[in-house]
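The values are calculated or read from the model by the stated rules, or taken from the named source; none is laboratory data. None of these values were measured; they are calculated from a predicted model. Here the Cβ positions follow ideal geometry from the backbone for every residue, glycine too, while neighbour counts run over all protein chains shown. Calculation scope for accessible area: heavy atoms of the full protein, side chains included, ligands and nucleic acids excluded. Shrake-Rupley method; radii C 1.70, N 1.55, O 1.52, S 1.80 Å.
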Amino acid sequence: MTFQRARSEEQRGIRRRAILDTAAAMLDEMPVADVSLNELSRRVGLAKSNVLRYFESREAVLLELLDVFLESWLAELADELAAGIEAHAEPEVRAGRLAEILSRSLADRVVLCDLFGAQGGVLEHNVSVEVVKRHKRSSLARLAAMAELMRRHVPELGDSAQLFCLMTLVSAGALSAYVPPPPSLLAAYADEPALSVHNLELRDALRISITSTLLGVLPRA
């Protein structure tokens with residue numbers, strides 16, 4: 001696509017949306033590490049210098065996408081939890097269902113997990129203080145919303161809900177870096193199956209991690 005110079009706030013909003021949509025489409029094809037500003041500019045039909053009029057860096061684009069994806073995921077997660085957790089079940093049952101639904105939901109959103117994994121080590125670098133502050137304010141608001149959602153279904157979490165949510169998202173980012181294994185590792189597993197003893201699908205790895213975290217933060221009977 002090609003654009004004329006944006007002369008109004010509405011036109012600038014359209015440019016920003018086009019840049020974000022193009023970056024999102026690229027993430028469906030490649031990992032975060034492979035998304036470059038040059039390729040993003042080429043695909044969106046703007047000069048690199050023009051893209052930088054709307055976002056100060058590649059990392060700023062991806063941080064905003066992380067917030068967009070997180071907001072969308074939380075809205076869908078609310079429906080998934082409401083449909084999948086019986087309000088009057090015992091705490092252990094509700095906690096087990098929470099772990100199962102969370103792990104499945106996150107495993108189905110590999111791009112979101114990939115962005116979580118890159119957040120601290122990559123995306124929060126090469127951005128201005130103002131961009132970081134805006135991102136952190138939004139992240140804290142999303143985290144609070146997620147914690148409230150967790151307490152709605154497992155009120156026993158209490159004040160530990162936010163810590164549980166934070167560790168869940170950190171785990172999702174970390175585990176997504178290992179799943180699926182690279183071709184060389186898969187070849188090694190095929191050649192020597194005993195090496196794959198701890199090779200897990202992302203959903204299974206997340207379920208184990210989330211369940212372990214829940215056991216740590218839920219109050220003891």
Worksheet entry | the chain, accessible surface, carbon-and-sulfur percent (1.4 angstrom probe) | 55 percent
Discussion item. Under 10 Å, Cα contacts only: if you run a Gaussian network model on the chain, which one of Ala141, Ala75, Ala89 comes out with the highest mean-square fluctuation?
Written reply: Ala89
Fill in: Accessible-area order (highest first, 1.4 angstrom probe) of the listed residues Arg203, Arg42
Arg42, Arg203
Item to complete: Could you work out how far helix 58-84 tilts from the main Cα principal axis of the chain, as a 0 to 90 degree angle to the nearest 10?
Response: 40 degrees
Response to the item:
When the charge dipole of region 71-221 is computed with +1 on Lys and Arg Cβ and -1 on Asp and Glu Cβ about the Cα centre, the Cα farthest towards its positive end, among Ser184, Leu106, Leu123, belongs to Leu123
Response to the item:
Residue-normalised 222 nm signal for the chain, counting each DSSP H run of n ≥ 4 as -39,500 (n - 2.57), nearest 500 deg cm²/dmol, is -23000 deg cm²/dmol
Worksheet item: Once phi is turned into θ = phi - 60°, what whole-Hz ³J(HN,Hα) does the Karplus curve with 6.51, -1.76 and 1.60 give for every residue of region 164-175, x standing for Gly and Pro?
Response: 4, 5, 4, 5, 5, 5, 4, 5, 4, x, 5, 5
Item to complete: Once you have a ≥ b ≥ c as the square roots of the Cα gyration tensor eigenvalues for region 89-181, tell me rounded if a/c is under 1.5, and otherwise prolate or oblate according to whether a/b is larger than b/c.
Response: oblate
Worksheet entry | Between region 29-96 and region 195-221, the Cα center-to-center distance that results, in Å | 23 Å
Fill in: Where the chain is the region considered: accessible area per residue in Å², 1.4 Å probe
55 Å²
Worksheet item: What is the Cα coordinate range of region 34-170 on the first, second and third principal axes, sorted by size from largest, in whole angstrom?
Response: 57, 27, 20
Response to the item:
To the nearest 0.05, the calculated FRET efficiency linking Leu185 and Ala33 through their beta-carbon distance, R0 being 25 Å, is 0.90
Response to the item:
Given the candidates Leu149, Ser171, Ser49, the one whose Cα lies deepest towards the positive end of the charge dipole of region 32-189, counting +1 at each Lys or Arg C-beta and -1 at each Asp or Glu C-beta, is Ser49
Item to complete: Quick one: dipole size for the chain, taken about the Cα centre, charges +1 on Lys/Arg Cβ and -1 on Asp/Glu Cβ, in debye to the nearest 20.
Response: 1020 debye
